[in-house]
Structures are given as C-alpha cells and as structure tokens.
Amino acid sequence: MKKIYFYLAMLLIGGFSACTNDVGLDVAPPQTYPQEKPQVIDGFTIANGSDFSSAIALTDEEKEFQVVKATATPVLAEGATVIFRTEISDTKDFQKVVELPVKNTDNAATVLSSDLDKAVKELYNSIAPIARPVFLRNYFYILDGTSASMMPTPAVFGPCTITPYSNVKIEPAYYLIGDVNGWNLDGLDDYKFSRSDKDVYDDPIFSITVQMSGYFKIVPQSSKDAGSWDGVIGNPVDGNTDTEGALIIDNAQAMRVMENQWVKITLNMMELTYKIELMGNAPRQLYVPGGHNGWNPGAAPVVYSPNLDWKFDGYVYMEAGNEFKFTSTPDWNGTNYGDGGNGTLSTDGGAGNLTVSETGFYRLTVDLSKEPYTYSAATTDWGLIGDATNGGWDTSTPMTLNASTGEWSVTTTLAGGKTLKFRANDGWDINLGGDVNNLSYGGDNIPIDADGTYVITLKLGNASAYTCTIIKQ
C-alpha cells in the first residue's frame, strides 16, 4: 500500500489577447489571481495548479496546460492511480456544460490549448476573442487495473476567465471613403457601414447602400479616430471593377464602380472579402399622397426601400375611408400606383384610389420587384415586450400613439440587466429590435442597464430609420 497526495489544478484565466496576420490585437497586461484554497473531499485534497494561477489568453501556439494533479489521498491499493474528468460551464449551476478532453498521466490531467479554445467557443457558441467566465467541475476516479471507481462529490472552482484565439481583428465599425465623399477622412459619418447588434466575430458582415461612382476604399474605426490613412483597407489591384474580391491592408488599392448608380457594398471581415451589388436606378422611396395630407405629393409621407430592392415599408395614420395612392416622385409627373384589385397595384392612369376601411396607424408595404405589383395596409397597435417589462415575454405593455408624429410612447418601470423589444398587435408577426438608432424587423433584444422608471418612445414617422429612445427618469 502507498500514500498518494492529491491536488487539482484549477483554471483561473482572464485577459484579452489574440494574434493577428495583418492587424495586431491589443494584449492586456497579465493578471494573477489568489490561489484558491484546497478542497478536501472524501479524504482527497484538491487544489488549483500553478499553470492557471494567472490570466490566459489563448494563441495559435499549441501548448499543454496541466489542469489537475493529485498529491494527497487516503491509502490506496498498490498500483492504483487517480484520473480526472473535467467539465466547464458558463454558470455555477452547470445548466450548460462542455467536457474538456483532458489527458491523464501520473495522477495529473492536462488539456491542449487548441482543445480548450474549441471548448470555450462551443460553450458560448461564439468565436469572439473576448474573456469568457467559466466554472470548472472536476470528477475524480480511483483507477485500479481496469476498474474505475468515481468519488461521489466533484470539486467545483470558479469563476475563471478564458480568452479564445482569433487570428483576425475585426473593428466595431467601418466607413466608405472615395470619390463619393471627396476622399475626406473628416466626412465619414454619413458613410458608415451598417451591421447587426451581434458581436462582430459572431456576425462579421458589414454593408452600405449608397449612390455613387468612381474609386473607393474602406476606413476602419481606428483609422477614422486617428485621422490617419494607416490601416485603410483596399484590394490588390488599383481600379479593380470586379464585383467581388479580396481585401488587404498592406499596399491597399482602390476598388471602382464605373457608372453612377445605387450600389450595395458588403464586407465579410472574417474572410476579408468584399462584394458589390449594382442596383441601377432603383428608387429609394415612394410617396403616399391622399386624403390624409390633402393629396399633396410634395408633403406626403413615404415608404422606404433600405436595400434598394424595389420593396418598400413605412407607416401612415389614416382615418376610416381615407383614399390614397403611391407615387414615384414628389409630384404627379412620375409613375403613379393605384388600385389593381385584390391587393395589387396598377400604373394605369385611370386606376382607382386605394382605401382603408378603419381608422388606425397603418404599416404600408409595397413590392415592385415583380409583376403583378402588390401592396398591403395593416393597422398596428404597439407595445413593449420582454423580461425587462412588467408583462415579461407573455404580455405586451401598451404604448400610446401621437398620430401627428408617428411616435408611440409609455412611461413604465423596467428591470435592469434584462431586455425588451417592440411588437405590434400583441403578436410576433411585426416586431422591432436591434440598434436603437436604426431598429430592424426581428432585430435583437434591447438591453436595459438599471432598474428604474423610464420614458420609452418608439419613432416610426421616418420610414428611412425607425428609432427609439429609452430615458431613465
């Protein structure tokens, strides 16, 4: 018989770092953490190991980390050893777990950095190179020959933090610069690429739709902030008119759009590629004159096409029996769209007016992308929904309409650390979320920082950008 003393190495990890190819990521100073006290379980003493007493930012260098070692146990049979199985979770109750593929040798367990990187990314369903808090649950066994007996109580440590690896730096924002804005580094705010509210590594797609011709490059946020041409992104061939290709930083050349037209430029910053969609002279908006504004196209509300895809969306308050049309210009000299029957539109000059049967705040949609042209007009009543609201995710908190401005508002209490969205008609067919300065249909939940009473205003009067304000009182 012999005595084997048993210690468990704990991961205590943090910081933010990753290696890059073209662009370097900032590396936080190393952090250290107090060594957690050993845990005595069923006669076994378990503690964290020295490999993980400081912050770890994973890199592309393969490294073996010692996760667990045994130094103190009860008396074991000659030849018996201790082996380990380790799980990580994002919460201390281990609702979601990912098992680390540890290797057991000499009463110790180790994990490869690549396996640790993969496990953290799987746990969080994210490849973002940001510090992730994790908890570790360590099961240990007595291995005697071919028989393994598990000790009944695992050792749990944490929270710890792990920073996954990425070889690409994706900045929070990018801007278009070129002939369209006179190559002016100070005039970029109107040429910012849009994107979702997800982490940039989980959704690395940026896009902008703009009317332009000529040469252009891409300015990352850091270059804009510094007012510098260093880091500006282009492609390998100057004047390249290809509609897709690679993006580079070193010796970057300008891409080119030959003819003045609406274009959609899409960047994939994970793959460092671009795509240009030539959209010709598709209209950005249609006007909605009618009885609600004295049949004045020049002062009419509009429905808007954010993607220049001949599909339009907007909101107008109308009384029951109100008649209206859609027009392509702010006068009667362009194409006018009247009633074609059964939800279709007609460009015939003799086509009748469109009409609504009840008073309400209407969502108007138009699809001119194919024939027959179609439209819809649906009344909407808006409210808040989400775990930040008093009704949770089941019951909407009603909002009140200002018909003249197209704004819905409510004063209510909200819970901090939770989220909300806007939805119409107590259902999910029409809901808005995401960026408060450019809400999108089906967008992400909107976070609320702190408990309190808030005035929330949803602004749908400007079809080019639905926005909201959430102001704590």
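The values are calculated or read from the model by the stated rules, or taken from the named source; none is laboratory data. Computed from a predicted structure; not experimentally measured. Cβ coordinates were reconstructed from backbone atoms using ideal geometry, including for glycine residues, and neighbour counts include every protein chain displayed.
Observations, loosely collected:
- Residue within the range 305-312 that is at pLDDT below 95 and more than 30 Å from THR405 (Cβ to Cβ) present: no
- Taking the listed residues PHE94, PHE135, PHE157, the one that is touching an Asp or Glu at 6+ places or on another chain (Cβ under 9 Å), aromatic (Phe, Trp, Tyr), part of a loop (DSSP other than H, G, I, E, B) and not assigned by TED's automatic domain parsing to the domain that holds MET255 is PHE94, with no other qualifying.
- Any hit, the range 269-281, residues being under 27 Å from GLU371 (Cα atoms), surrounded by 16 or more Cβ atoms within 10 Å (Cβ to Cβ) and out of contact with any Lys or Arg (no Cβ under 8 Å at 6 or more places or on another chain): no
- Filter result for GLY360 (loosely packed, with under 14 Cβ neighbours inside 10 Å and outside the structural domain of ASN462 (by TED's automatic domain parsing)): no
- Restricting the first member to the range 432-443 and to residues that are in the same structural domain as CYS468 (by TED's automatic domain parsing), and the second to residues that are in a strand (DSSP E or B) and surrounded by 16 or more Cβ atoms within 10 Å (Cβ to Cβ), the beta-carbon pairs closer than 6 Å and six or more apart or on different chains are LEU432/PHE422; GLY433/LYS421; GLY433/ILE446; GLY434/SER440; VAL436/CYS468; ASN437/THR467; LEU439/LEU432; GLY443/GLY433.
- Exclusive hit being surrounded by fewer than 18 Cβ atoms within 10 Å (Cβ to Cβ), among the aliphatic types (A, V, I, L, M) and in contact (Cβ under 8 Å) with a residue 24 or more places away in the chain, set ALA415, ALA388: ALA415
- Sole exception among (1) out of contact with any Phe, Trp or Tyr (no Cβ under 9 Å at 6 or more places or on another chain); (2) among the hydrophobic types (A, V, I, L, M, F, W, C); (3) modelled with pLDDT of 95 or more for LEU143, by number: (3)
- Residue in the range 317-326 that is within 23 Å of SER213 (Cβ to Cβ), in the same structural domain as LEU354 (by TED's automatic domain parsing) and surrounded by fewer than 17 Cβ atoms within 10 Å (Cβ to Cβ) present: no
- From the options ALA128, ALA108, ALA119, ALA80, residue that is in contact (Cβ under 8 Å) with a residue 60 or more places away in the chain, of a type in the set (A, V, I, L, M, F, W, C), assigned by TED's automatic domain parsing to the domain that holds VAL67 and under 29 Å from ASP197 (Cα atoms): ALA128
- Hits in the range 97-109 - residues which are in a strand (DSSP E or B) and surrounded by fewer than 20 Cβ atoms within 10 Å (Cβ to Cβ): VAL97, VAL98, GLU99, LYS103, ASN104, THR105
Every residue, every condition in (1) without any contact (Cβ under 8 Å) to a residue 40 or more places away in the chain; (2) assigned by TED's automatic domain parsing to the domain that holds THR59; (3) closer than 30 Å to LYS118 by Cβ, yes or no:
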residue	(1), (2), (3)
VAL180	yes, no, no
ASP189	yes, no, no
LYS198	no, no, yes
ASP202	no, no, yes
ILE205	no, no, yes
GLN211	no, no, no
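- Residue count for the range 250-296, restricted to those that are in a helix (DSSP H, G or I) and among the aliphatic types (A, V, I, L, M): 0
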